[in-house]
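What follows draws every value from the coordinates through simple rules; no lab data is involved. Everything numeric here is computed off the predicted structure, so don't read it as measured data. Here Cβ is always computed from backbone atoms with ideal geometry, including for glycine, and neighbour counts include all displayed protein chains.
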Amino acid sequence: MPVPFIDLQRFEPDFLDRWMDRVRDVTVHTRFVSGPDVARLEARLAEAAQAPAVVACANGTDALQLALRAVGVGEGDIVVIPDATFWATFEAVVNVGARPVTVDIDPVDLQLDFDAFVRAVDAHRPKAAILVHLYGWGSRRLDDFRAFCRTRDIALVEDGAQAWGVTWNGRSIYADALISTVSFYPAKVLGACGDAGAVVCSSPELAATVRMLGNHGRTDHYAHGAVGWNSRMSGFDAAWLDLCLDYLDVRLSDRRRVAERYQELLPALGVHVVGPPAGYVENGYLNVTLHDPAVRPTIEAALKARGIGFGTVYPGAMSKQPGAVGHLVAAVGGAEADRLARSVLNLPLFAGMTDAEFDTVLTGVGEAVGAAGGTVDIHMAGAVDDGGATSAAAPAASV
């Protein structure tokens, strides 16, 4: 049977009926922009994130730009970011007039490399940094990043676009951050019915600044205390997300179950699957396997021939993107982000995925690995076991 990489149409039996009721209610009362639906959503999000305040906005990229502006980043400031992330992290820095420095990733957890980060800070004296929580978990050294940035007076923005529902040492990953961002793009674990995002704030004062910037810099309807822009969430997106929150625990459980089965069963096929470091409960956002770059195309072709969807999240390091030319100040560290980009392969994982679909994927992967010549178990340079986390990627030799 064909298995999609992701399927957004696996609605619960009563979901669509409840959604039609919400659509009618929003429409009849013309609550199209901001309003009580957004306010209710913000309150629920803040409670789930264990944070003082959440400000809804138009999309995850805007959330990053709002967060950077809110912590004082502006023209000419240096901002350190990971070399492995989605392009929005890079372009948000440029769009607020700042200058990005990329830093390589840790081969153990595939997140920002802490030691390389410290070197980048010493060399470039950044105003801020963006720590991306990639793949549905976060850095094994999250507490070190937060403490270091506090001691150096560096504003740490945490890009949690993929991290809704993730916990770190028993608390929401957003709980102890200075400021974090969320994307509600429809394919996310908590996805909207269009583009939407939010900024998670550590204080009401920070939230007030974010809200002002995202609403034309307003201090009153026709009074403007800053130059902002229009980044308000629609009433329909807020209503959809509010409804999805009612189902989120079950969806998270479903995703985590599939993620755990991959981590349990793929190694027997010669595939080294990557999982979260100790201390994390992942949200099941993405399955992550990594392969010899010379072998990956054969595996992809075999999966495609069997109708099995897959992804490569993400296929290029930030420092290698054509759009980085003229903006990138420096790239600090080694080549792990580039290895990761050429090695990563993501298998189907979504809420509502059936056991039959999972078994089809597992069989297809086994056949694909066989077509590629057997085992594809490989390791990132310097990777070690980390308290139960599995880690793998490209060969240790420089590529």
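A few comments on the model shown:
- Considering only alpha-carbon pairs that sit under 8 angstrom and 6 or more positions apart, the relative contact order computed for segment 15-245 is 28 percent.
- Ordering of 352-363, 218-229 by packing [mean C-beta count within 10 Å, highest first]: 352-363, 218-229
- Peptides 37-43, 193-199 ordered by average Cβ neighbours within 10 Å, highest first: 193-199, 37-43
- The alpha carbons of segment 138-287 occupy a box of 64, 42, 23 Å along the principal axes, longest dimension given first.
- The relative contact order of segment 249-371 comes to 37 percent, based on Cα pairs under 8 Å that sit 6 or more residues apart.
- Take every pair of alpha-carbon atoms less than 8 Å apart whose residues are at least six positions apart; their mean separation over the length of the chain yields a relative contact order of 23 percent.
- DSSP H segments from the chain that extend 27 Å or more along their own axis, Cα-based, with Kyte-Doolittle mean of 1.6 or above: none
- Charge sum, other residues only, whose C-beta stays under 15 Å from Thr354's C-beta, Lys/Arg counted +1 and Asp/Glu -1: -1
- Within-14-Å neighbourhood charge of Val199 [Cβ basis; K, R +1; D, E -1]: -2
- Kirkwood Rh in Å, taken over segment 101-140 so that all alpha-carbon pairs contribute: 10.6
- Surrounding net charge for Glu75, when Lys and Arg each add one and Asp and Glu each subtract one, Cβ distance under 12 Å: +2
- Range of Cα positions in segment 39-128 per principal axis (Å), largest first: 44, 34, 22
- Volume per residue of the convex hull around the Cα atoms, evaluated for segment 43-202, comes out as 97 Å³.
- Note on the chain: antiparallel DSSP beta bridges, both residues inside, total approximately 55 percent of the bridges counted.
- Quotient of Cα Rg and 2.2 N^0.38 Å for segment 249-371, N being how many residues it contains: 1.17
- Global form of the chain, assessed from the alpha-carbon gyration tensor, a/c cut-off 1.5: oblate
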